[in-house]
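First the structure, in the form of structure tokens, and then the observations on it.
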Amino acid sequence: MTKRLTSKDYALLSAYMDGMLSPRERSKVEKQLEARVEFRTALYELQQTRKAMRSLPRKRVPRNFLITPAMVQPRRAPFAVGALRFSSAMAAIAAVILTLFQLLPSFQMAAAPAPELYAESTSVAALQSPAEAMDSAPPIIQWGAPYAGGMGGGGAEGLAEPAPLGMGQGGVGGGADALKEWVPTPTEPAGRIELQSESTPTPYPTPTPAPTPTPTPTLVTLPLDQAQPILGVAPEEEQGTVVNAEPADREIDLPPVNQPRPGLVLRTAAVILGALAVIFFVAALFLRRRFR
Amino acid sequence: MDEVALVQAARQGDLDAFNRLVLTYQEMAFNLACRMLNDEDAAEDATQTAFLSAYRHLDGYRGGSFRAWVMRMVTNTCYDELRRRHRRPTVPLEPVNPEDNEEIESPAWLADDAPSPETTLEQRELEHAIQHCLEAMPLDFRAVLIMVDIQGMDYIEVAEAVRTPLGTIKSRLARARLRLRDCLQKFGELLPAAYRLKTEETQ
């Protein structure tokens, strides 16, 4: 009965044929060769194969492969490689300088002049004639109004109508600030609230352009003779209605969009320069490899 | 001057010293490239490229068998050439059957009808057959088989040349020989009687 040889058997036979086995492995193979005909056959076939390979004639070299000094002289890369590498380096340096410049505190102050001016002007106006300011152009407190951002969390309603760019970011400090003013007097009935609000400057001005303050008088004043739930939780019969809604045809004063913002310009320039640096570097690398 | 001294001198820029090493190993390198590529012109280019690469990368030689190190350069250059050929295939060497546009697998086309002495013809047929089988083999198998069975390198040198553990070389060589055996069996009577694989015992 003959069994097929495994690849391990063939590996042993192949190494045995080349004399690359340890004495222990060699004696093991020799025992198998004595005992099994398939081992002998496999060895014979491997020997014939090796014999055929070894019979191949050696080819004579057609020439000498000596190395000459001209061969080992490094090939000069074209001028374009140097120019590209230089441009890449310059662009990268410029991009880094621009990025660092934007991080300077003085630049950050200069990059956002409009919101500060707006905040200063409104606060000055409030200080000069507070009563007049309340009458003529009181600040708006809108719970759930379209300009939701930073107003204390009227988000769900506000999101339904997208706020104009930059309008929802400045805010007046969120709901916590507004609530400070809502202190019911002890003599008033429970739940009666008189809203007093004062224009407060933006504590952390954002670099977005300041919206032009609108003199639209939209003071939200809750009726004083009725007990109303706090913070716009209306009675059941009034739930779902819009209280103090803005007129549909009210025009929203959008900030001027065509004014260049220095921060954005510099950031864009830095990104473009960075991209150019990468492109030049890759092009130089490609050319250099081709001319190696 | 011994080999180590020549390598040292070549490392310091002595081109003559390196060229003496080139003269020592160029025949072996050229034969290895010939068997790997089955194309003498390409083998010539590969050999020259390999020696140039060896000179440029002499710092990478960390001792051991310099012959194995040079053969590694040749093998790598051949691999590059074969990969390049694979990316940009040319007209196949084997004839194409006009009926189904498939390559003719039968080795009968290898038979050379040109009149020549019988022994020469047999030898050429055997060489054609082996080269045909080598080309059908994976590159790693082919390199090991050529280095051991044609170039006569030992396992340790081959392991250095192809940067593969010794055990892998053993098994790879055995499998390569089996593949070659199976391939040569297809040629049967075309091979010289002395190299036929089947004996009365095996039939």
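Every number here is computed from the coordinates shown, using simple stated rules; none is lab data. Predicted model, so just to flag it, every value in this text is computed and none were measured. Cβ sites come from the backbone with ideal geometry, for glycine too, and all protein chains shown count toward neighbours.
Under a crude label model (7 Å from the Cα following the beta-carbon direction), how far is residue B:16 from residue A:6 in nanometres?
Result: 6.0 nm between the two label points.
Fewest to most neighbouring Cβ within 10 Å: what's the order for B:130, A:67, A:97? Intermediate values should be presented prior to the final figure.
Working: B:130 25, A:67 20, A:97 12.
Lowest count first: A:97, A:67, B:130.
Please report A:88, A:7 as a ranked list, fewest other C-beta atoms within 10 angstrom at the top and most at the bottom. Don't skip to the end; give the middle numbers.
Details: A:88 20, A:7 11.
With the sparsest Cβ surroundings first, the list reads A:7, A:88.
Under the definition of partner shielding as Cβ atoms of other protein chains within 10 Å of a residue Cβ, what is the mean value for peptide B:27-40?
Details: counts 5, 2, 2, 7, 6, 0, 1, 4, 3, 0, 0, 0, 0, 2.
If you average over the peptide's residues, the count of other-chain Cβ atoms is 2.
Report the local net charge at residue A:59: Lys and Arg +1, Asp and Glu -1, summed over other residues whose C-beta lies under 11 Å from its C-beta. Display every interim value, and only then the final one.
Values: positive: A:58, A:60, B:35; negative: B:27, B:40, B:44, B:127.
Net charge in that neighbourhood comes out at -1.
Looking at this model, which pairs from A:3/A:31; A:8/A:31; A:51/B:170; A:28/B:170; A:3/B:170; A:59/B:186 are more than 20 angstrom apart at the alpha-carbon? Numbers along the way, then the final one.
Working: A:3/A:31 16 Å; A:8/A:31 16 Å; A:51/B:170 18 Å; A:28/B:170 17 Å; A:3/B:170 23 Å; A:59/B:186 26 Å.
The pairs that break the limit, which is 20 Å between Cα atoms, are A:3/B:170; A:59/B:186.
From other protein chains only, count the Cβ atoms within 10 Å of every residue's Cβ in B:131-137, then give the mean.
Numbers: counts 1, 0, 3, 2, 0, 0, 0.
Mean shielding by partner chains, rounded to a whole number: 1.
What spacing in nm lies between the two simple spin-label points modelled at residue B:39 and residue A:107, each 7 Å away from Cα in the Cβ direction?
Those two pseudo-labels are separated by 5.6 nm.
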